[in-house]
Amino acid sequence: MPKKDDGAKKPASETVPDQRWKLQVFYLCFYGFMTQIRPGESFITPYLLGPDKNFTKEEVTNEITPVLSYSYMAVLVPIFLLTDYLRYKPVLVLQSLSHISIWLLLVLGTSVLAMQLMEFFYGITMAARIAYSSYIFSLVAPSRYQRMASYSRSAVLLGVFTSSVLGQLCVTSGSVSFLTLNYVSLGFVSFGLILTLFLERPRRSLFFNRPRGTDDRAASTELERMADGDGSGRAQGWRDVVLCRMLREVGALARQPQLRLWSLWWIFNSAGYYLMLYYAHILWNEISPTMDNRRVYNGGVDAASTLLGAIGSFAAGYVKIRWTLWSELVIGVVTAFQAGLLLLMNSTTNIWLCYVAYVLFRGSYQFLVPIAIFQIATSLSKELCALVFGVNTFFGTVLKTIITVIVADKRGLGLSVHPQFYVYFGYFTLLAVVYLLAAIGVGIRHSRHRQPAELALAKEPCQLPVEIPAQEKNPEAGTVRA
(Lines give C-alpha, C1' and ligand atoms only; values in the text may rest on other atoms or scores of the structure.)
Protein backbone atom coordinates (compact mmCIF):
# COMPACT_ATOMS: atom_id res chain seq x y z
CA MET A 1 0.00 0.00 0.00
CA PRO A 2 1.42 3.43 -0.87
CA LYS A 3 2.20 5.63 2.10
CA LYS A 4 0.45 8.91 2.55
CA ASP A 5 2.29 12.18 2.26
CA ASP A 6 3.17 13.69 5.60
CA GLY A 7 1.51 16.88 4.45
CA ALA A 8 -1.68 15.16 3.30
CA LYS A 9 -4.77 15.86 5.26
CA LYS A 10 -5.53 12.98 7.59
CA PRO A 11 -8.98 11.57 8.25
CA ALA A 12 -10.81 12.90 11.29
CA SER A 13 -10.23 9.62 13.14
CA GLU A 14 -6.46 10.08 12.88
CA THR A 15 -6.50 13.69 14.10
CA VAL A 16 -8.43 12.79 17.24
CA PRO A 17 -6.09 12.82 20.27
CA ASP A 18 -4.79 9.34 20.98
CA GLN A 19 -6.55 8.93 24.31
CA ARG A 20 -9.85 10.25 22.97
CA TRP A 21 -10.36 7.65 20.23
CA LYS A 22 -9.36 4.93 22.70
CA LEU A 23 -12.01 6.16 25.11
CA GLN A 24 -14.57 6.28 22.30
CA VAL A 25 -13.81 2.70 21.29
CA PHE A 26 -13.91 1.56 24.91
CA TYR A 27 -17.28 3.26 25.42
CA LEU A 28 -18.67 1.73 22.23
CA CYS A 29 -17.57 -1.75 23.35
CA PHE A 30 -19.06 -1.16 26.80
CA TYR A 31 -22.27 -0.02 25.11
CA GLY A 32 -22.27 -3.13 22.89
CA PHE A 33 -21.83 -5.34 25.95
CA MET A 34 -24.51 -3.69 28.08
CA THR A 35 -27.16 -3.56 25.35
CA GLN A 36 -26.93 -7.35 25.06
CA ILE A 37 -27.83 -7.87 28.72
CA ARG A 38 -31.42 -9.02 28.35
CA PRO A 39 -31.72 -12.05 30.67
CA GLY A 40 -35.35 -12.69 29.74
CA GLU A 41 -34.64 -13.08 26.02
CA SER A 42 -33.88 -16.80 26.14
CA PHE A 43 -37.19 -17.45 27.91
CA ILE A 44 -39.63 -15.50 25.75
CA THR A 45 -41.17 -18.62 24.19
CA PRO A 46 -41.87 -20.48 27.48
CA TYR A 47 -43.13 -17.16 28.88
CA LEU A 48 -45.66 -16.81 26.04
CA LEU A 49 -46.73 -20.45 26.31
CA GLY A 50 -46.82 -20.47 30.12
CA PRO A 51 -49.48 -19.31 32.58
CA ASP A 52 -48.29 -15.68 32.43
CA LYS A 53 -49.60 -15.21 28.86
CA ASN A 54 -51.22 -18.57 28.12
CA PHE A 55 -51.00 -18.40 24.32
CA THR A 56 -51.47 -21.66 22.44
CA LYS A 57 -48.65 -23.31 20.49
CA GLU A 58 -50.55 -22.71 17.27
CA GLU A 59 -50.79 -18.97 17.99
CA VAL A 60 -47.10 -18.68 18.82
CA THR A 61 -45.95 -20.89 15.90
CA ASN A 62 -48.26 -19.78 13.10
CA GLU A 63 -49.39 -16.24 14.02
CA ILE A 64 -46.83 -14.53 16.27
CA THR A 65 -43.36 -15.80 15.27
CA PRO A 66 -43.79 -15.39 11.46
CA VAL A 67 -44.16 -11.60 11.92
CA LEU A 68 -40.46 -11.41 12.82
CA SER A 69 -39.43 -12.50 9.30
CA TYR A 70 -41.89 -10.09 7.65
CA SER A 71 -40.80 -7.16 9.82
CA TYR A 72 -37.11 -7.79 9.25
CA MET A 73 -37.53 -7.90 5.47
CA ALA A 74 -39.69 -4.74 5.44
CA VAL A 75 -37.26 -2.56 7.40
CA LEU A 76 -33.88 -4.01 6.33
CA VAL A 77 -33.22 -1.81 3.28
CA PRO A 78 -34.56 1.48 4.77
CA ILE A 79 -32.51 0.99 7.93
CA PHE A 80 -29.42 0.04 5.92
CA LEU A 81 -29.63 3.36 4.03
CA LEU A 82 -30.72 5.48 7.00
CA THR A 83 -27.87 4.12 9.12
CA ASP A 84 -25.33 5.65 6.76
CA TYR A 85 -27.30 8.77 5.83
CA LEU A 86 -28.08 9.71 9.47
CA ARG A 87 -24.61 8.68 10.67
CA TYR A 88 -25.35 5.73 12.92
CA LYS A 89 -26.45 7.29 16.23
CA PRO A 90 -30.14 7.99 15.37
CA VAL A 91 -30.55 4.37 14.25
CA LEU A 92 -28.94 3.14 17.50
CA VAL A 93 -31.44 5.30 19.40
CA LEU A 94 -34.24 3.73 17.34
CA GLN A 95 -32.89 0.29 18.21
CA SER A 96 -32.90 1.10 21.93
CA LEU A 97 -36.45 2.49 21.76
CA SER A 98 -37.52 -0.68 19.93
CA HIS A 99 -35.96 -2.83 22.67
CA ILE A 100 -37.92 -0.91 25.28
CA SER A 101 -41.11 -1.37 23.22
CA ILE A 102 -40.48 -5.13 23.02
CA TRP A 103 -40.31 -5.58 26.77
CA LEU A 104 -43.15 -3.20 27.51
CA LEU A 105 -45.34 -5.28 25.20
CA LEU A 106 -44.09 -8.51 26.75
CA VAL A 107 -44.93 -7.26 30.22
CA LEU A 108 -48.20 -5.44 29.49
CA GLY A 109 -49.54 -7.01 26.27
CA THR A 110 -52.21 -9.70 26.46
CA SER A 111 -53.40 -10.18 22.88
CA VAL A 112 -51.97 -11.89 19.80
CA LEU A 113 -51.89 -8.47 18.09
CA ALA A 114 -49.71 -7.06 20.89
CA MET A 115 -47.27 -9.95 20.51
CA GLN A 116 -47.20 -9.48 16.74
CA LEU A 117 -46.33 -5.84 17.34
CA MET A 118 -43.60 -7.04 19.69
CA GLU A 119 -42.15 -9.19 16.88
CA PHE A 120 -42.32 -6.18 14.55
CA PHE A 121 -40.12 -4.18 16.92
CA TYR A 122 -37.86 -7.21 17.23
CA GLY A 123 -37.34 -7.09 13.46
CA ILE A 124 -36.31 -3.44 13.75
CA THR A 125 -33.70 -4.25 16.41
CA MET A 126 -32.25 -6.99 14.22
CA ALA A 127 -32.01 -4.76 11.15
CA ALA A 128 -30.46 -1.97 13.24
CA ARG A 129 -27.50 -4.15 14.26
CA ILE A 130 -25.76 -2.83 11.15
CA ALA A 131 -25.45 0.55 12.89
CA TYR A 132 -23.36 -0.83 15.75
CA SER A 133 -21.17 -3.06 13.58
CA SER A 134 -20.32 -0.20 11.18
CA TYR A 135 -20.08 2.61 13.78
CA ILE A 136 -16.57 1.50 14.76
CA PHE A 137 -15.23 2.34 11.28
CA SER A 138 -16.02 6.03 11.79
CA LEU A 139 -13.93 6.21 14.96
CA VAL A 140 -10.58 4.77 13.93
CA ALA A 141 -8.09 4.91 11.07
CA PRO A 142 -8.28 2.18 8.38
CA SER A 143 -5.11 0.56 9.73
CA ARG A 144 -6.99 -0.25 12.95
CA TYR A 145 -10.23 -1.54 11.39
CA GLN A 146 -9.59 -5.25 11.80
CA ARG A 147 -8.54 -5.12 15.44
CA MET A 148 -11.24 -2.67 16.51
CA ALA A 149 -13.93 -4.68 14.71
CA SER A 150 -12.82 -7.77 16.60
CA TYR A 151 -13.05 -5.85 19.89
CA SER A 152 -16.59 -4.65 19.21
CA ARG A 153 -17.69 -8.12 18.06
CA SER A 154 -16.14 -9.73 21.14
CA ALA A 155 -17.97 -7.26 23.39
CA VAL A 156 -21.30 -8.28 21.82
CA LEU A 157 -20.58 -12.02 22.16
CA LEU A 158 -19.49 -11.54 25.77
CA GLY A 159 -22.71 -9.62 26.45
CA VAL A 160 -24.89 -12.35 24.90
CA PHE A 161 -23.04 -15.02 26.90
CA THR A 162 -23.33 -13.05 30.17
CA SER A 163 -27.02 -12.34 29.55
CA SER A 164 -27.81 -16.01 28.90
CA VAL A 165 -25.89 -17.20 31.98
CA LEU A 166 -27.50 -14.52 34.16
CA GLY A 167 -30.98 -15.46 32.98
CA GLN A 168 -30.36 -19.17 33.56
CA LEU A 169 -28.96 -18.58 37.06
CA CYS A 170 -31.96 -16.43 37.97
CA VAL A 171 -34.42 -19.07 36.78
CA THR A 172 -32.67 -22.20 38.06
CA SER A 173 -31.02 -21.03 41.28
CA GLY A 174 -33.05 -18.02 42.29
CA SER A 175 -36.47 -19.30 41.24
CA VAL A 176 -37.16 -15.98 39.53
CA SER A 177 -40.36 -15.96 37.46
CA PHE A 178 -40.29 -15.22 33.74
CA LEU A 179 -42.34 -12.07 34.34
CA THR A 180 -39.79 -10.75 36.86
CA LEU A 181 -37.01 -11.59 34.43
CA ASN A 182 -38.74 -9.50 31.78
CA TYR A 183 -38.97 -6.56 34.18
CA VAL A 184 -35.22 -6.91 34.78
CA SER A 185 -34.65 -6.97 31.01
CA LEU A 186 -36.79 -3.83 30.65
CA GLY A 187 -34.52 -2.09 33.17
CA PHE A 188 -31.38 -3.10 31.28
CA VAL A 189 -32.68 -1.98 27.87
CA SER A 190 -33.78 1.34 29.41
CA PHE A 191 -30.25 1.78 30.70
CA GLY A 192 -29.06 0.95 27.18
CA LEU A 193 -31.07 3.88 25.83
CA ILE A 194 -29.30 6.21 28.27
CA LEU A 195 -25.94 4.87 27.10
CA THR A 196 -26.97 5.45 23.48
CA LEU A 197 -27.63 9.14 24.13
CA PHE A 198 -24.00 9.64 25.20
CA LEU A 199 -22.55 8.13 22.03
CA GLU A 200 -20.80 10.72 19.88
CA ARG A 201 -22.39 11.16 16.47
CA PRO A 202 -19.69 10.70 13.80
CA ARG A 203 -19.10 13.38 11.17
CA ARG A 204 -18.59 10.87 8.37
CA SER A 205 -20.01 7.56 7.19
CA LEU A 206 -19.37 5.02 4.48
CA PHE A 207 -21.55 6.24 1.57
CA PHE A 208 -23.38 9.52 2.09
CA ASN A 209 -21.09 11.49 4.40
CA ARG A 210 -17.58 11.24 3.00
CA PRO A 211 -14.82 13.57 4.28
CA ARG A 212 -14.02 16.35 1.79
CA GLY A 213 -10.99 18.41 1.01
CA THR A 214 -8.40 15.65 0.80
CA ASP A 215 -5.98 15.58 -2.10
CA ASP A 216 -4.74 12.10 -1.34
CA ARG A 217 -5.78 10.14 -4.39
CA ALA A 218 -4.02 6.98 -3.21
CA ALA A 219 -6.52 6.70 -0.37
CA SER A 220 -9.58 7.48 -2.48
CA THR A 221 -12.55 5.21 -1.92
CA GLU A 222 -14.55 3.17 -4.37
CA LEU A 223 -17.34 5.69 -4.01
CA GLU A 224 -15.14 8.67 -4.86
CA ARG A 225 -13.51 6.84 -7.77
CA MET A 226 -16.92 6.11 -9.28
CA ALA A 227 -18.02 9.69 -8.74
CA ASP A 228 -14.92 10.96 -10.52
CA GLY A 229 -15.58 8.52 -13.36
CA ASP A 230 -18.91 10.20 -14.06
CA GLY A 231 -17.02 12.86 -16.01
CA SER A 232 -19.74 15.47 -15.63
CA GLY A 233 -17.77 17.61 -13.18
CA ARG A 234 -20.92 18.27 -11.15
CA ALA A 235 -20.81 18.06 -7.36
CA GLN A 236 -24.55 17.48 -7.23
CA GLY A 237 -26.07 14.24 -8.41
CA TRP A 238 -23.40 11.60 -7.85
CA ARG A 239 -24.93 10.53 -4.54
CA ASP A 240 -28.12 9.74 -6.37
CA VAL A 241 -26.52 7.40 -8.90
CA VAL A 242 -23.38 5.98 -7.32
CA LEU A 243 -25.14 3.28 -5.32
CA CYS A 244 -26.82 2.08 -8.52
CA ARG A 245 -23.47 2.00 -10.25
CA MET A 246 -21.99 0.06 -7.35
CA LEU A 247 -24.86 -2.41 -7.53
CA ARG A 248 -24.08 -2.95 -11.21
CA GLU A 249 -20.46 -3.57 -10.29
CA VAL A 250 -21.58 -6.08 -7.65
CA GLY A 251 -23.49 -7.88 -10.41
CA ALA A 252 -20.33 -8.01 -12.51
CA LEU A 253 -18.35 -9.33 -9.53
CA ALA A 254 -20.81 -12.22 -9.23
CA ARG A 255 -18.92 -13.90 -12.06
CA GLN A 256 -16.04 -14.60 -9.66
CA PRO A 257 -16.50 -18.26 -8.61
CA GLN A 258 -15.47 -17.92 -4.94
CA LEU A 259 -17.45 -14.73 -4.37
CA ARG A 260 -20.50 -16.29 -6.03
CA LEU A 261 -20.21 -19.55 -4.08
CA TRP A 262 -19.86 -17.96 -0.66
CA SER A 263 -22.55 -15.37 -1.39
CA LEU A 264 -24.95 -18.20 -2.30
CA TRP A 265 -23.97 -19.98 0.90
CA TRP A 266 -24.68 -16.78 2.83
CA ILE A 267 -28.13 -16.43 1.23
CA PHE A 268 -29.37 -20.03 1.38
CA ASN A 269 -27.76 -21.28 4.59
CA SER A 270 -28.44 -18.15 6.62
CA ALA A 271 -32.13 -18.38 5.71
CA GLY A 272 -32.31 -21.94 7.05
CA TYR A 273 -30.17 -21.09 10.07
CA TYR A 274 -32.42 -18.28 11.27
CA LEU A 275 -35.59 -20.28 10.67
CA MET A 276 -34.19 -22.98 12.92
CA LEU A 277 -33.23 -20.32 15.46
CA TYR A 278 -36.73 -18.80 15.51
CA TYR A 279 -38.53 -22.09 16.10
CA ALA A 280 -36.03 -24.09 18.20
CA HIS A 281 -37.44 -22.87 21.52
CA ILE A 282 -40.93 -23.91 20.47
CA LEU A 283 -39.54 -27.36 19.60
CA TRP A 284 -37.94 -27.64 23.04
CA ASN A 285 -41.26 -26.85 24.68
CA GLU A 286 -42.87 -29.53 22.52
CA ILE A 287 -40.28 -32.16 23.49
CA SER A 288 -40.16 -31.30 27.18
CA PRO A 289 -43.27 -29.41 28.31
CA THR A 290 -42.92 -28.42 31.95
CA MET A 291 -44.63 -26.05 34.33
CA ASP A 292 -41.53 -25.91 36.56
CA ASN A 293 -39.48 -22.94 35.40
CA ARG A 294 -36.39 -24.27 37.15
CA ARG A 295 -36.27 -27.12 34.62
CA VAL A 296 -36.17 -24.79 31.61
CA TYR A 297 -32.55 -24.49 30.48
CA ASN A 298 -32.89 -22.20 27.47
CA GLY A 299 -30.44 -19.65 28.85
CA GLY A 300 -27.73 -22.22 29.53
CA VAL A 301 -28.10 -23.69 26.04
CA ASP A 302 -27.93 -20.24 24.42
CA ALA A 303 -24.80 -19.47 26.49
CA ALA A 304 -23.14 -22.74 25.42
CA SER A 305 -24.00 -22.17 21.74
CA THR A 306 -22.65 -18.60 21.90
CA LEU A 307 -19.41 -19.83 23.46
CA LEU A 308 -18.98 -22.64 20.90
CA GLY A 309 -19.78 -20.19 18.09
CA ALA A 310 -17.07 -17.83 19.32
CA ILE A 311 -14.57 -20.71 19.53
CA GLY A 312 -15.56 -21.90 16.05
CA SER A 313 -15.16 -18.40 14.60
CA PHE A 314 -11.73 -18.11 16.19
CA ALA A 315 -10.64 -21.56 14.98
CA ALA A 316 -11.73 -20.77 11.42
CA GLY A 317 -9.00 -18.15 11.22
CA TYR A 318 -6.36 -20.88 11.42
CA VAL A 319 -7.75 -23.15 8.69
CA LYS A 320 -5.20 -23.15 5.88
CA ILE A 321 -6.34 -25.00 2.76
CA ARG A 322 -6.75 -24.18 -0.93
CA TRP A 323 -10.25 -22.74 -0.78
CA THR A 324 -10.51 -22.49 -4.56
CA LEU A 325 -10.36 -26.30 -4.60
CA TRP A 326 -11.99 -27.34 -1.32
CA SER A 327 -14.69 -24.71 -0.63
CA GLU A 328 -17.59 -26.72 -2.10
CA LEU A 329 -16.55 -29.86 -0.22
CA VAL A 330 -16.18 -28.08 3.13
CA ILE A 331 -19.54 -26.35 2.72
CA GLY A 332 -21.20 -29.59 1.60
CA VAL A 333 -19.86 -31.62 4.54
CA VAL A 334 -20.84 -28.96 7.10
CA THR A 335 -24.31 -28.57 5.55
CA ALA A 336 -24.83 -32.37 5.54
CA PHE A 337 -23.77 -32.40 9.21
CA GLN A 338 -26.32 -29.66 9.94
CA ALA A 339 -29.05 -31.63 8.13
CA GLY A 340 -28.29 -34.61 10.35
CA LEU A 341 -28.48 -32.42 13.45
CA LEU A 342 -31.89 -31.08 12.38
CA LEU A 343 -33.17 -34.64 11.94
CA LEU A 344 -31.81 -35.55 15.38
CA MET A 345 -33.40 -32.51 17.00
CA ASN A 346 -36.77 -33.32 15.47
CA SER A 347 -36.81 -37.07 16.07
CA THR A 348 -35.39 -37.35 19.59
CA THR A 349 -37.49 -37.37 22.74
CA ASN A 350 -34.47 -36.58 24.91
CA ILE A 351 -34.33 -32.84 25.50
CA TRP A 352 -30.62 -32.91 26.36
CA LEU A 353 -29.82 -34.57 23.05
CA CYS A 354 -31.86 -31.86 21.35
CA TYR A 355 -29.90 -29.20 23.25
CA VAL A 356 -26.57 -30.69 22.13
CA ALA A 357 -27.70 -30.85 18.49
CA TYR A 358 -28.78 -27.19 18.68
CA VAL A 359 -25.41 -26.09 20.12
CA LEU A 360 -23.49 -28.02 17.44
CA PHE A 361 -25.70 -26.62 14.68
CA ARG A 362 -25.04 -23.04 15.72
CA GLY A 363 -21.34 -23.71 16.25
CA SER A 364 -20.90 -25.23 12.79
CA TYR A 365 -22.64 -22.26 11.17
CA GLN A 366 -20.51 -19.74 13.08
CA PHE A 367 -17.40 -21.66 12.02
CA LEU A 368 -18.13 -20.91 8.34
CA VAL A 369 -19.17 -17.27 8.82
CA PRO A 370 -15.65 -15.76 9.14
CA ILE A 371 -14.45 -17.91 6.24
CA ALA A 372 -17.29 -16.57 4.10
CA ILE A 373 -16.51 -13.01 5.17
CA PHE A 374 -12.86 -13.39 4.20
CA GLN A 375 -13.58 -15.11 0.89
CA ILE A 376 -16.09 -12.43 -0.08
CA ALA A 377 -14.19 -9.40 1.21
CA THR A 378 -10.65 -10.33 0.19
CA SER A 379 -10.82 -8.71 -3.27
CA LEU A 380 -13.33 -5.91 -2.61
CA SER A 381 -13.08 -2.33 -1.45
CA LYS A 382 -14.70 -1.42 1.87
CA GLU A 383 -17.73 0.13 0.17
CA LEU A 384 -18.32 -2.77 -2.23
CA CYS A 385 -17.82 -5.23 0.62
CA ALA A 386 -20.54 -3.52 2.68
CA LEU A 387 -22.83 -3.49 -0.34
CA VAL A 388 -22.25 -7.19 -1.14
CA PHE A 389 -23.07 -8.22 2.42
CA GLY A 390 -26.13 -5.98 2.36
CA VAL A 391 -27.36 -7.55 -0.88
CA ASN A 392 -26.66 -11.07 0.41
CA THR A 393 -28.51 -10.38 3.66
CA PHE A 394 -31.47 -8.91 1.79
CA PHE A 395 -31.85 -11.90 -0.54
CA GLY A 396 -31.43 -14.28 2.41
CA THR A 397 -34.20 -12.41 4.23
CA VAL A 398 -36.49 -12.57 1.19
CA LEU A 399 -35.93 -16.34 0.91
CA LYS A 400 -36.55 -16.79 4.64
CA THR A 401 -39.78 -14.81 4.35
CA ILE A 402 -41.00 -16.88 1.39
CA ILE A 403 -40.37 -20.12 3.32
CA THR A 404 -42.13 -18.66 6.37
CA VAL A 405 -45.21 -17.70 4.33
CA ILE A 406 -45.44 -21.16 2.78
CA VAL A 407 -44.51 -23.34 5.75
CA ALA A 408 -45.26 -21.55 9.02
CA ASP A 409 -47.88 -18.86 8.44
CA LYS A 410 -51.49 -19.89 9.07
CA ARG A 411 -52.36 -18.39 5.66
CA GLY A 412 -49.98 -20.94 4.10
CA LEU A 413 -49.58 -24.54 5.20
CA GLY A 414 -49.57 -23.49 8.87
CA LEU A 415 -47.46 -26.49 9.91
CA SER A 416 -46.77 -27.24 13.55
CA VAL A 417 -43.17 -27.21 14.72
CA HIS A 418 -42.29 -30.90 14.11
CA PRO A 419 -43.37 -30.95 10.44
CA GLN A 420 -41.58 -27.61 10.02
CA PHE A 421 -38.31 -29.14 11.16
CA TYR A 422 -38.74 -31.98 8.67
CA VAL A 423 -39.03 -29.30 5.98
CA TYR A 424 -35.84 -27.63 7.25
CA PHE A 425 -34.11 -31.02 7.29
CA GLY A 426 -35.11 -31.57 3.67
CA TYR A 427 -33.97 -28.05 2.79
CA PHE A 428 -30.48 -28.57 4.25
CA THR A 429 -30.25 -32.04 2.72
CA LEU A 430 -30.98 -30.60 -0.72
CA LEU A 431 -28.35 -27.89 -0.20
CA ALA A 432 -25.80 -30.50 0.93
CA VAL A 433 -26.43 -32.62 -2.18
CA VAL A 434 -25.97 -29.59 -4.46
CA TYR A 435 -22.76 -28.53 -2.70
CA LEU A 436 -21.30 -32.06 -2.78
CA LEU A 437 -22.16 -32.47 -6.47
CA ALA A 438 -20.46 -29.13 -7.12
CA ALA A 439 -17.42 -30.39 -5.16
CA ILE A 440 -17.29 -33.50 -7.36
CA GLY A 441 -17.44 -31.28 -10.44
CA VAL A 442 -14.58 -29.11 -9.15
CA GLY A 443 -12.53 -32.23 -8.42
CA ILE A 444 -13.11 -33.61 -11.91
CA ARG A 445 -12.16 -30.30 -13.56
CA HIS A 446 -9.06 -30.05 -11.38
CA SER A 447 -7.90 -33.58 -12.28
CA ARG A 448 -8.48 -32.93 -16.00
CA HIS A 449 -6.39 -29.77 -15.84
CA ARG A 450 -3.62 -31.53 -13.99
CA GLN A 451 -3.29 -34.49 -16.38
CA PRO A 452 -2.25 -32.50 -19.51
CA ALA A 453 0.16 -30.45 -17.40
CA GLU A 454 1.76 -33.58 -15.93
CA LEU A 455 1.92 -35.22 -19.37
CA ALA A 456 3.62 -32.18 -20.87
CA LEU A 457 6.04 -32.06 -17.97
CA ALA A 458 6.90 -35.76 -18.44
CA LYS A 459 7.76 -35.19 -22.13
CA GLU A 460 10.16 -32.33 -21.42
CA PRO A 461 13.88 -33.17 -21.17
CA CYS A 462 15.48 -33.05 -17.76
CA GLN A 463 16.66 -29.55 -16.97
CA LEU A 464 18.68 -27.96 -14.23
CA PRO A 465 16.56 -26.57 -11.42
CA VAL A 466 15.62 -22.94 -11.87
CA GLU A 467 15.17 -20.47 -9.06
CA ILE A 468 11.45 -19.81 -8.57
CA PRO A 469 10.47 -16.16 -8.15
CA ALA A 470 9.47 -15.31 -4.60
CA GLN A 471 5.91 -14.40 -5.52
CA GLU A 472 5.31 -17.90 -6.94
CA LYS A 473 6.49 -19.71 -3.81
CA ASN A 474 3.77 -18.48 -1.46
CA PRO A 475 2.39 -21.62 0.25
CA GLU A 476 -0.40 -19.64 1.83
CA ALA A 477 -2.26 -18.87 -1.42
CA GLY A 478 -5.96 -19.21 -0.94
CA THR A 479 -5.75 -19.68 2.81
CA VAL A 480 -7.76 -18.11 5.57
CA ARG A 481 -5.92 -15.62 7.71
CA ALA A 482 -6.71 -15.02 11.30
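Below is a table of values for the structure above.
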| item | result |
| --- | --- |
| Accessible area of Met126 in the full protein assembly, 1.4 Å probe (Å², nearest 10) | 20 |
| Span per principal axis, largest first, for the Cα atoms of the stretch 316-379 (Å) | 46, 17, 16 |
| Extension gain from Leu277 to Leu179, taking 0.36 nm per residue of separation minus the Cα-Cα distance | 33.0 nm |
| Cα gyration tensor shape of the stretch 278-343, rounded if a/c is under 1.5, else prolate or oblate by comparing a/b with b/c | oblate |
| Sites Leu81 and Leu353, calculated FRET efficiency, Cβ-Cβ separation with R0 60 Å, nearest 0.05 | 0.85 |
| Inter-part distance where the stretch 151-207 and the stretch 397-432 are each reduced to a Cα centre, Å | 31 |
| Residue-span extension gain [Leu413 to Lys22] - 0.36 nm each, minus C-alpha spacing | 135.5 nm |
| Where labels lie 7 Å past Cα in the beta-carbon direction, separation of Ile321 and Glu200 in nm | 4.5 |
| Probe 1.4 Å, all protein chains present, accessible-area order of Asp292, Asp302, Asp52, largest first | Asp52, Asp292, Asp302 |
| Cα gyration tensor, the stretch 59-173 - rounded (a/c under 1.5), prolate or oblate | oblate |
| Label-point gap, in nm, between Val434 and Val398 - each point 7 angstrom along Cα→Cβ | 1.5 |
| Extension gain (nm, one decimal) between Val107 and Arg445, 0.36 nm per residue minus Cα-Cα | 115.7 nm |
| Estimated FRET transfer efficiency (Asp52, Thr172; beta-carbon r; R0 22 Å; 0.05) | 0.80 |
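The values are calculated or read from the model by the stated rules, or taken from the named source; none is laboratory data. Model, not experiment: these values are computed from the prediction. Using ideal geometry, Cβ is built from the backbone for each residue, glycine included, and neighbour counts are taken over all protein chains shown. Side chains included, ligands, DNA and RNA excluded: accessible areas come from the protein's heavy atoms. Shrake-Rupley method; radii C 1.70, N 1.55, O 1.52, S 1.80 Å.
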